[in-house]
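Note sheet for the following structure.
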Amino acid sequence: MGPLRCAWRLPLLLLVVLGGCLAAIFLLPRGPRPGTAGASLLRNWSRLFLRLFGVRVVQMGEPLHDPVMFVANHGSWMDITVLHAIRPADFVAKAEIGRWPLVGWMARRGGTIFHQRGSNDSLASVMEVMSGRLRADRSIAAFPEGGTAPAGTLKVFHARILQAALDAAAPVQPVALRYLRDGVPATEVLFTPGEGFMHNVFRVMATRSLTAEVHFLKPVPFDPEGGRRRMAATARAEIAQVLGIAA
């Protein structure tokens, strides 16, 4: 059934992507500001895009009101779209995405902040942009692991990314993302070692329908003694508990 699913899903996906790009020209001039038509477009387009991959998004818990920094686990290229389907926010993503044809343009329209991995200068600039947007009552979302994690694992959370929230006096809310089919983890949506982006896209496109759960967890309390390191560890522990992974 895999080739058959790809045969009907791919043309519809191309139409949805093209339609989204045209709408974004008019409705997303500077990112998905809360309560705007642009935010509504991003949320509804993300849901439609995911449904064409056979992914149904389910919300668990409630997201905080703007401004807030969401910190989530990262296992799939779909993670950004899954969170956007529930709660649009300005994501921090690797700089390579900004150079991808069409995808990079759409990401910039969606308010994405690009970071060059391994560059302290880039991180300092990104942190400044993040703090500025939080102070402007816009929400930020980031993956503190710094990259996708293999199935059944959760990398260490880099604490420095939380400094932007501390500087802007914004709350930090952990978000656990997981993909299930018939109540069992659907690991095929995650990257396998050495797998390329397009290979994974077509592999997911060929699979049966599944559910993406978005768990909004309790905010991480400010820790004046342990600082951002302990806050990052706390966020990781809360997400690990939902995913059933040893912290």
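Throughout, read-outs are computed from the coordinates displayed, never taken from laboratory work. Keep in mind that this is a model prediction, so the values were computed, not measured. Here Cβ is always computed from backbone atoms with ideal geometry, including for glycine, and neighbour counts include all displayed protein chains.
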About its Cα centre, region 2-243 carries a charge dipole, from +1 on Lys and Arg Cβ atoms and -1 on Asp and Glu Cβ atoms, whose size in debye to the nearest 20 is 500 debye
The chain: spread of alpha-carbon positions along the three principal axes, whole Å, largest first, is 57, 43, 33
With +1 at each Lys and Arg Cβ and -1 at each Asp and Glu Cβ, the charge dipole magnitude of region 177-238 around its Cα centre, to the nearest 20 debye, comes out at 80 debye
Subtracting the Cα-Cα distance of H199 and D137 from 0.36 nm times their residue separation yields 18.5 nm
Bridge orientation stat for the chain from DSSP, antiparallel percent rounded to 5, came to 35 percent
With Cα springs under 10 Å, the Gaussian network model of the chain assigns the largest mean-square fluctuation among L22, L13, L217 to L22
The orientation-averaged projected area of the Cα convex hull of region 157-214, in nm², is 5.9 nm²
Across H74, H199, H84, the residue with the highest GNM fluctuation in the chain (Cα network, 10 Å cutoff) is H199
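Can you tell me the FRET efficiency between A7 and A169 if r is taken as the Cβ-Cβ distance and R0 is 51 Å, rounded to the nearest 0.05?
In this case the efficiency is close to 0.50.
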So the compactness index of region 128-247, its C-alpha Rg divided by 2.2 N^0.38 Å, takes the value 1.19
Residues meeting the amide H criterion for A141 (H placed from the backbone, H to H distance under 5 Å, 5 or more places apart or on another chain) are F70, D90, F91, V92
Reduced to Cα centres, the span from region 196-216 to region 130-150 in Å works out to 22 Å
With only helices counted (DSSP H, runs n ≥ 4, each -39500 (n - 2.57)), the per-residue ellipticity at 222 nm for the chain, to the nearest 500, works out to -13000 deg cm²/dmol
Helix 227-243 sits off the longest principal axis of the Cα atoms of the chain, rounded to the nearest 10 on a 0 to 90 degree scale, by 30 degrees
